[in-house]
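Colleague: Once you've had a glance at the structure underneath, I'll fire off some questions.
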């Protein structure tokens, strides 16, 4: 008889304790809306923009990384050598363009004038030789000079005049300088080489994997020596900010939730250390599509997603961790 009485007494004590705990909890949350959900954060999979062999991985799982931090590199030696070659070609083309823009040197002009003067002298001498032969032929009734000699003298004059004209045109071109079309072509070639160098430098920069924001490394998916492509992630990162708790509100309680409303978030692991937050997002669409014809009971079963953004400066909350959110009442 004593054992059943003892067991009954223990049940009564437990029931009273549970009632007192629930009463105290309801008292603590008097006038507040209590919701239950899970911690959620953004995640990102990082991959190289280019393809190549992984040369180095600088962080491991669990490491905290900062925005702009170098996480991994590819072997870009071939691209770097091609960029150096393109840089050397640009140097050559820059000098060629500078030569065209500067035009002819004074020495080149002097040389062209001397060549033209020599050609004029040759033409004058050829004309004098022809005149002398023609004078001899006229005084001797064509017996002192043969017809072949006269023909050769006339041909020599024509050749000398042509050479003089050629040297004259060459001097004019030297004075004018390069054609505008040649300068434009050289400029276009230089721009093409500069674009090629920029492309190679961009490809070299794609061999560096940079953290987009502050985060924690969740997974390391490749190792040095693996072939990387834009389709193969190297790291999976968990973004530390923003961080929120995803909860769901029944339709009757939807009017109690407002954007920017203050909230208090607690977890089972630290119920005495609440974290402050505020309502950042309220879904405008029910989680489940209502039927065409509803009863009042069906309407009250609809839920709406709410995100409570928290200020987790100590990084106490973890992805997927269950959390309790208190809205309204005394949330301070």
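The values are calculated or read from the model by the stated rules, or taken from the named source; none is laboratory data. Remember, predicted model here, so these are calculated numbers, not experimental data. Here the Cβ positions follow ideal geometry from the backbone for every residue, glycine too, while neighbour counts run over all protein chains shown.
Colleague: Any idea which of (1) surrounded by 14 or more Cβ atoms within 10 Å (Cβ to Cβ); (2) within 29 Å of residue 60 (Cβ to Cβ); (3) not assigned by the TED database to the domain that holds residue 62 is the one residue 220 doesn't satisfy?
Modeller: Every listed condition holds for residue 220 apart from (3).
Colleague: So, one more: Can you tell me which residues in region 67-80 are under 14 Å from residue 209 (Cβ atoms) and surrounded by fewer than 13 Cβ atoms within 10 Å (Cβ to Cβ)? Spell out how you get there, then give the answer.
Modeller: Kept after step one, since they are under 14 Å from residue 209 (Cβ atoms), are these residues of region 67-80: 67-76.
Within region 67-80, 67, 68 qualify.
Colleague: Could you look through region 109-144, keep only residues that are under 60 Å from the mean Cα position of the chain (by Cα) and exposed (fewer than 14 other Cβ atoms within 10 Å of the Cβ), and pick out the one that is modelled with the lowest pLDDT? Before you say what the answer is, go through the steps one by one.
Modeller: The initial filter retains those residues of region 109-144 that are under 60 Å from the mean Cα position of the chain (by Cα), namely 109-116.
Checking which are exposed (fewer than 14 other Cβ atoms within 10 Å of the Cβ) leaves us with 110, 114.
On the way: 110: 74, 114: 83.
That would be 110.
Colleague: For residue 83, only one of the following conditions fails: (1) in contact with a helix residue (DSSP H, G or I) (Cβ under 9 Å, 6 or more places away or on another chain); (2) surrounded by 16 or more Cβ atoms within 10 Å (Cβ to Cβ); (3) at pLDDT below 90. What is its number?
Modeller: (3)
Colleague: Can you tell me which residue within region 281-304, out of those that are over 35 Å from the mean Cα position of the chain (by Cα) and outside any loop (DSSP other than H, G, I, E, B), is modelled with the highest pLDDT?
Modeller: Taking the candidates together, the pick is 304.
Colleague: Sticking with this one: Within region 260-273, track down each residue that is assigned to a strand (DSSP E or B), more than 9 Å from residue 324 (Cβ to Cβ) and over 40 Å from the mean Cα position of the chain (by Cα).
Modeller: Matches in region 260-273: 270, 272, 273.
Colleague: Next up: Consider residue 196 carefully, then state whether it is modelled with pLDDT of 85 or more, assigned to a helix (DSSP H, G or I) and either surrounded by 15 or more Cβ atoms within 10 Å (Cβ to Cβ) or in contact with a strand residue (DSSP E or B) (Cβ under 9 Å, 6 or more places away or on another chain) (or both).
Modeller: Details: modelled with pLDDT of 85 or more: yes; assigned to a helix (DSSP H, G or I): yes; either surrounded by 15 or more Cβ atoms within 10 Å (Cβ to Cβ) or in contact with a strand residue (DSSP E or B) (Cβ under 9 Å, 6 or more places away or on another chain) (or both): yes.
In short, yes.
Colleague: Determine, yes or no, whether residue 15 is modelled with pLDDT of 75 or more, over 54 Å from the mean Cα position of the chain (by Cα) and either closer than 30 Å to residue 309 by Cβ or surrounded by fewer than 17 Cβ atoms within 10 Å (Cβ to Cβ) (or both).
Modeller: Values: modelled with pLDDT of 75 or more: no; over 54 Å from the mean Cα position of the chain (by Cα): yes; either closer than 30 Å to residue 309 by Cβ or surrounded by fewer than 17 Cβ atoms within 10 Å (Cβ to Cβ) (or both): yes.
For residue 15, the condition - modelled with pLDDT of 75 or more, over 54 Å from the mean Cα position of the chain (by Cα) and either closer than 30 Å to residue 309 by Cβ or surrounded by fewer than 17 Cβ atoms within 10 Å (Cβ to Cβ) (or both) - is not met.
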